[in-house]
Amino acid sequence: MVATSECISCEVKNGVLLITINRPDKLNALNKQTIEELHETLVEAENQNDIRAVILTGAGQKAFVAGADIAEFSNFSVEQGKQLSAIGHFKIFNFIENFSKPIVAAVNGFALGGGLELAMACHLRVVSDNAKMGLPEVSLGLIPGYGGTQRLAQLVGKGKAFEMVVTADMINAQDAYKWGLANYVTTQEELLNKCFEITTKISSKSPTAIKTAIKVINAGYNNNLNGFEVEIEEFGKLFGSKDFREGVDAFLEKRKAAFTGE
Ligand code: COA
């Protein structure tokens, strides 16, 4: 069972897990404990068959996540800095990107540094109209270390990625939408409703096919794989799934499919 912990609140509604990062006094900055708890929550959610999609948001009205916890790494050595990045990639950012169920970021305010990197690791981003998004690490003498140098360019293109990283400028929700960083922009009040509208659609589809789609889309961004070859292989495998049988039977019998994820 996914459970609420000190820095993470969890709520399951109709097969959708809503995860709220809950450190509003620190604008939900990602400290070590939050990273650990978020990882544990995701591992639980991955193994729970009745969870079909996840929404990830931040507590309060001001911030999604204002970045990695600066106070925590202020005295880090070179080796500790490298570890911070590597552990984050492994436990959260790559973990989310390769999660078998779609994760929608509900960006309800500042998404800076590790906060924007977290939103970018998610499969979709819905952004409230007060949001401010940016990678300000060069202001601290750093670079984005949770995948931001790679994922920002994938989402907005290399030119805009260079601009955002080297100027450290924040962009607003409308620009994020125009540049492809946000799938939708809503008011703060409507933000979670929009996310639930999307995840409700996801929940009615084949979990097996969705898991495969995530794997194959990500394969195209993996330099060690040929996305087209992975697609051919995985497309074929789906013909052996119960979900395929159910989806096709339901279509031919003119009824709604009841997928089990097998
Ligand atoms: N790490 C640790 N603490 C953070 C934080 C972060 N990334 N971002 C905000 N906080 C803390 C502040 O220190 C402050 O704590 P305090 O009340 O104990 O002093 C609290 O959250 C509120 O932030 P504050 O700066 O007072 O709010 P603001 O409205 O004046 O400014 C921001 C909001 C987002 C512009 C500002 O907090 C900021 O620039 N944060 C850092 C963003 C960043 O560089 N992120 C990348 C990190 S690699």
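Just so you know, the Cα atoms of segment 81-178 work out to an Rg and Dmax of 12.7, 36 Å. Under the convention that each Lys and Arg Cβ holds +1 and each Asp and Glu Cβ holds -1, the size of the dipole of segment 8-203 around its Cα centre is about 400 debye. The slack in the chain from Y221 to N130, taken as 0.36 nm per residue of separation less the alpha-carbon distance, amounts to 29.7 nm.
Packing here is the average count of other Cβ atoms within 10 Å per residue, and on that basis the peptides 78-84, 174-180, highest first, run 174-180, 78-84. Couplings 3J(HN,Hα) for segment 40-56, derived from phi with the Karplus relation 6.51 cos²θ - 1.76 cosθ + 1.60 (θ = phi - 60°), are 4, 4, 5, 4, 4, 5, 4, 8, 9, 4, 7, 8, 9, 7, 10, 10, 10 Hz, where x marks Gly and Pro. Computed from the Kirkwood radius of its Cα pairs, the Stokes-Einstein diffusion coefficient for segment 7-160 at 25 °C and 0.890 mPa s stands at 159 µm²/s. Over segment 207-252, the pair-distance histogram of Cα-Cα distances with 5 Å bins from zero comes to 5, 22, 26, 20, 14, 8, 4, 1 percent, rounded to whole numbers.
The H on the amide N of A68, modeled in the peptide plane, is under 5 Å from the matching H of L30, G114, G115, each at least 5 residues off or on a different chain.
Here E229 and T4 are evaluated by their C-beta separation; at R0 = 30 Å the FRET efficiency comes out at 0.10.
Around the amide H of A53, modelled in the peptide plane, lie the amide H atoms of L17, all under 5 Å away and 5 or more residues distant in sequence or on another chain. Using a Gaussian network model of the chain in which every pair of alpha carbons under 10 angstrom is joined by a spring, one finds that among I92, I143, I19 the greatest mean-square fluctuation is at I143.
Summary of packing: across the peptides 184-191, 44-51, 59-66, the per-residue average of other C-beta atoms within 10 Å ranks them, highest first, as 59-66, 184-191, 44-51. Distant-in-sequence amide contacts of L135, defined by a placed amide H-H separation under 5 Å and a gap of 5 or more residues or a different chain, comprise G113. The largest accessible area among F76, F196 belongs to the first residue in F76, F196, and the rest follow in falling order (1.4 Å probe, all chains).
Pairs of Lys residues in segment 44-201 that lie 8 or more places apart, or on two chains, and have C-alpha atoms under 21 angstrom apart add up to 13. Its Cα gyration tensor gives the chain an equivalent ellipsoid. The semi-axes, each the square root of 5 times an eigenvalue, are 31, 20, 18 Å from largest down. Separation of segment 139-209 and segment 223-248, taken as the distance between their Cα centroids, equals 27 angstrom.
Which value in deg cm²/dmol, rounded to the nearest 500, describes the helix-derived mean residue ellipticity at 222 nm for the chain, given -39,500 (n - 2.57) per DSSP H run of n ≥ 4 and division by the residue count? Helices in the chain give a 222 nm mean residue ellipticity of -13000 deg cm²/dmol. Dividing the mean sequence gap of close Cα pairs (under 8 Å, 6+ apart) by how many residues segment 8-203 holds gives a relative contact order of 21 percent.
Between S204 and V78, the simple label model (points 7 Å from Cα in the Cβ direction) yields a spacing of 5.7 nm.
The values are calculated or read from the model by the stated rules, or taken from the named source; none is laboratory data. The structure presented is a predicted model; accordingly, all values stated were derived computationally and were not measured. Every residue, glycine as well, gets a Cβ built from its backbone with ideal geometry; the counts of neighbours run over all protein chains shown. We work out accessible area using only protein heavy atoms, side chains counted, and drop any ligands, DNA or RNA first. Shrake-Rupley method; radii C 1.70, N 1.55, O 1.52, S 1.80 Å.
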